[in-house]
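J.: Let me give you the structure first, and then I'll get to my questions.
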Amino acid sequence: MRSESIRYLIVPGWQGSPDDHWQSHWQRTLPNSSRVEQADWLTPRRDDWVAELERSVASDARPVVLVAHSLGCITVAHWAAQAPQELLRRVRGALLVAPADVQRSNCPEPLRNFAPIPRQPLPFASLLVGSDNDTAASAARAVELGRDWGSDTAILAGAGHINVKSGHHRWEQGFAYLYRLQSRIEQNARKRA
């Protein structure tokens, strides 16, 4: 995939991604990358977050790969379920890391308005990366979300929520999943050609 022809849109989760989070590192590392900036990171409202993602996709006509974490993954699913076809066509794929199960019994109150989670397949290539000890979504739930969304799914051992708290600062290993997603995007493009 020619990096100059694609842009990367970082979609952080609840409370944003601080400077030492892998998403911030990736934003500094990946060419043509930007971030969805939410007005309220602490008390997220689904409609506002979805609208901001839509504005971010619409702001640039170049093809885009979404790089989402936690509540950002759920935001992507909600957006994809109602976005106009013109904007959906711009999205080549999505890397969905450590999705937050906003339907779990111990879900923090500020995230509950993102339930229920859309179950329809995403209309673009996607790769979901979960963990077998993530408190935000069990491995079984991550696999279920991946199946619902039509995502390739990888479950990491002992990776927690794949954030700063679980020791994922630069998360260089994560680029392997981005490259895997990009290979799938290229295969899909060849099939359509």
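J.: Between Arg62 and Glu86, 0.36 nm times their residue separation minus their Cα-Cα distance comes to what? Write down the numbers at each step before the final one.
T.: On the way: separation 24, 0.36 × 24 = 8.64 nm, distance 1.20 nm.
Using 0.36 nm per residue and subtracting the Cα-Cα distance, I get 7.4 nm.
J.: While we're looking at this one, here's another question. I'd like the trypsin sites (Lys or Arg not before Pro) in the range 29-92 restricted to DSSP loop residues with at most 15 other Cβ atoms within 10 Å, sorted by number.
T.: Arg45, Arg89
J.: Further question on the same structure: Percent relative contact order of the chain, based on C-alpha pairs within less than 8 angstrom and at least six residues apart?
T.: Relative contact order, the chain: 21 percent.
J.: Next question. Around Ser59, what is the net charge, scoring Lys/Arg as +1 and Asp/Glu as -1 over all other residues with Cβ under 14 Å from its Cβ?
T.: 0
J.: Would you please calculate the Kirkwood hydrodynamic radius of the range 139-179 over all C-alpha pairs and express it in Å, rounded to one decimal? Could you put the intermediate results ahead of the total?
T.: Details: mean 1/r = 0.0875 Å⁻¹.
After inverting the mean inverse Cα-Cα distance, the result is 11.4 Å.
J.: Now, a different point. How much accessible area per residue does the range 70-187 have, in Å², with a 1.4 Å probe?
T.: Here the per-residue accessible area is 42 Å².
J.: Show me, for the range 128-144, the HN-Hα J-couplings you get by feeding each phi into the Karplus relation (A = 6.51, B = -1.76, C = 1.60, θ = phi - 60°), rounded to Hz, glycine and proline as x.
T.: 9, 10, x, 9, 7, 9, 8, 6, 7, 6, 5, 4, 4, 5, 4, 4, 4
J.: Equivalent-ellipsoid semi-axes (√(5λ), Cα gyration tensor) for the range 69-193, whole Å, largest first?
T.: 24, 19, 12
J.: Of the heavy-atom accessible surface of the range 1-61 (probe 1.4 angstrom), what whole percent is carbon and sulfur? Walk me through the numbers on the way to the answer.
T.: Values: 1390 of 3000 Å².
It is 46 percent, rounded to a whole number.
J.: Can you give the net charge of the other residues whose Cβ lies under 13 Å from the Cβ of Ser126, counting K and R as +1 and D and E as -1?
T.: So the surrounding residues net to +2.
J.: Find which of Ser183, Gln103, Ser138 sits farthest along the positive direction of the dipole of the chain, computed with +1 on the beta-carbon of Lys and Arg, -1 on that of Asp and Glu, about the Cα centre.
T.: With unit charges placed on the Cβ atoms, the residue in question is Ser183.
J.: Suppose R0 equals 30 Å. What FRET efficiency, 1/(1 + (r/R0)^6) with r the Cβ-Cβ distance, do Ala139 and Thr43 give to the nearest 0.05?
T.: Numbers: r = 29 Å, r/R0 = 0.96.
The calculated FRET efficiency here is 0.55.
J.: Using only C-alpha atoms and all pairs of different ones, pull out the Kirkwood radius for the range 40-114 in Å with one decimal. Mind showing how you got there, number by number?
T.: Working: mean 1/r = 0.0777 Å⁻¹.
Answer for the range 40-114: a Kirkwood hydrodynamic radius of 12.9 Å.
The values are calculated or read from the model by the stated rules, or taken from the named source; none is laboratory data. Here the structure is a predicted model, which means the values were calculated and not measured. FYI the Cβ positions are ideal-geometry reconstructions off the backbone, even for glycines, and counts take in every protein chain you see. Accessible surface is based on the protein model in full, side chains and every heavy atom, while ligands, DNA and RNA are left aside. Shrake-Rupley method; radii C 1.70, N 1.55, O 1.52, S 1.80 Å.
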